[in-house]
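A quick write-up on the structure given underneath.
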Amino acid sequence: MERLELSDGRCLEYLIQGPEGGRPLVMHHGTPGVAMALEPVAAAAARHGMRLVTHSRPGYRDSTPQPGRRVADVASDVSALLDAVRADDFVTLGWSGGGPHALACAALLPERCRGAAIVAGVAPYDADGLDWYAGMGTDNVEEFGAAATGKEALEKFMAEAGAGLKDVQAADIIAAFGDLLSDVDQQTLRDGLADYLAASCRAAVSTGYDGWRDDDLAFLTDWGIELASIRIPVSIWQGDQDRMVPRDHGRWLGEHVPGASTHLVAGEGHLSLMGNIDTIVATLART
């Protein structure tokens, strides 16, 4: 893990893996989450001559909190990160809560961002014509319901929910996520993803809940970007067995990001969808 001192005095922790000099594939982690290499993503990037670059958003682990941050604020952090790794351009991938942040890069860094992939990414809370909660598991409905009520209610929710993540182990992860997991996602965890997800959850709450809280609040307020302004290639990937970010979020994004290619993948969930990572990264490599 490396650390970048930003011009406003904040520290940003980041990880870089892959061929030296390769175009960065900037991956935005989910919520909660941290900069942590997911080996299938790193391997797919390397096969296409790209470096995996991922950072912990403000408030997660060793990245300095940025209270009141908006989704759009990620663009300046990514721009500074690109300068630090001496890269002129990049492609980006956002998984789950990372989706809006990848879209922010697409909208606000068009001179550097060559393409974006949104994998099970959440749609804007005020999305016209979208029932934002429809199809979500109970825990997510409660979490975002608390966020909509306000910061105090959300912090109370996280103090209770987060306690179970601080020491969560791979063997516990299915029970910890409860009805957020469809059958196919439960099987994906049994097939090997449980270690990664448990480690990511532990790290995400290891220094508190600031990053998680600020992510949730940012999702429910104005993102600070105009999706209609996006002009670079964007691919939207969404499964119909997703109980964390339901299928219609992907459908809505596909209808509102100009020129987006939308892939609504039958039989895939929130986690199992990443089994398509070779195809997703190949799409990015062509941009």
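The values are calculated or read from the model by the stated rules, or taken from the named source; none is laboratory data. This is a predicted model, so every value here is computed, not measured. Don't worry about glycine lacking a Cβ; one is built from the backbone with ideal geometry, like all the others, and counts go over all protein chains shown. Just so you know, the surface numbers come from the protein's heavy atoms only, side chains and all, with ligands and any DNA or RNA stripped out. Shrake-Rupley method; radii C 1.70, N 1.55, O 1.52, S 1.80 Å.
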Determine, from the Cβ-Cβ distance of residue 153 and residue 88 and an R0 of 41 Å, the FRET efficiency 1/(1 + (r/R0)^6), rounded to the nearest 0.05. 0.40
Per residue value of the accessible surface for the stretch 81-198 (all protein chains in place, 1.4 Å probe), Å²: 42 Å²
Please give the contour-minus-distance gain from residue 166 to residue 134: 0.36 nm per residue of separation, less the Cα-Cα distance, rounded to one decimal in nm. 8.6 nm
Note on the stretch 19-113, DSSP bridge orientation, antiparallel percent to nearest 5 equals 0 percent
Test of understanding: extend the Cα→C-beta vector of residue 195 to 7 Å, then name every residue of the stretch 147-169 with backbone N under 19 Å from that spot. 167-169
Expected sort for 216-224, 93-101 on mean C-beta neighbours within 10 Å, highest first, is 93-101, 216-224
Net lengthening on full extension, residue 279/residue 141 (0.36 nm per residue, minus Cα-Cα): 46.6 nm
If amide hydrogens are placed 1.01 Å from N in the peptide plane, which non-local residues have theirs closer than 5 Å to the one on residue 93? 26, 27, 28, 117
Prolate/oblate/rounded call for the stretch 138-179, Cα gyration tensor, a/c under 1.5 rounded: oblate
Where a ≥ b ≥ c are root eigenvalues of the Cα gyration tensor, a/c under 1.5 meaning rounded, otherwise prolate if a/b exceeds b/c and oblate otherwise, the stretch 121-272 counts as oblate
Given a 1.4 Å probe and every protein chain left where it sits, what share in percent of the accessible area of the chain is carbon and sulfur? 48 percent
How much mean residue ellipticity at 222 nm does the chain get from its helices, if each DSSP H run of length 4 or more adds -39500 (n - 2.57) and you divide by all residues, to the nearest 500 deg cm²/dmol? -11000 deg cm²/dmol
Global form of the stretch 1-93, assessed from the alpha-carbon gyration tensor, a/c cut-off 1.5: prolate
Residue 206 label point, 7 Å along Cα→Cβ, cut-off 13 Å on backbone N: hits in the stretch 152-181? 166-168
Just to check I understand the Karplus step: with θ = phi - 60° and J = 6.51 cos²θ - 1.76 cosθ + 1.60, what whole-Hz values come out for the stretch 227-234, glycine and proline as x? 4, 5, 7, 5, 10, 8, x, 10
³J(HN,Hα), Karplus 6.51/-1.76/1.60, whole Hz, each residue of the stretch 86-103, x for Gly, Pro: 6, 10, 7, 9, 6, 10, 9, 9, x, 9, 6, x, x, x, x, 6, 5, 5
Based on DSSP, what percent of beta bridges with both residues in the chain are antiparallel, to the nearest 5? 25 percent
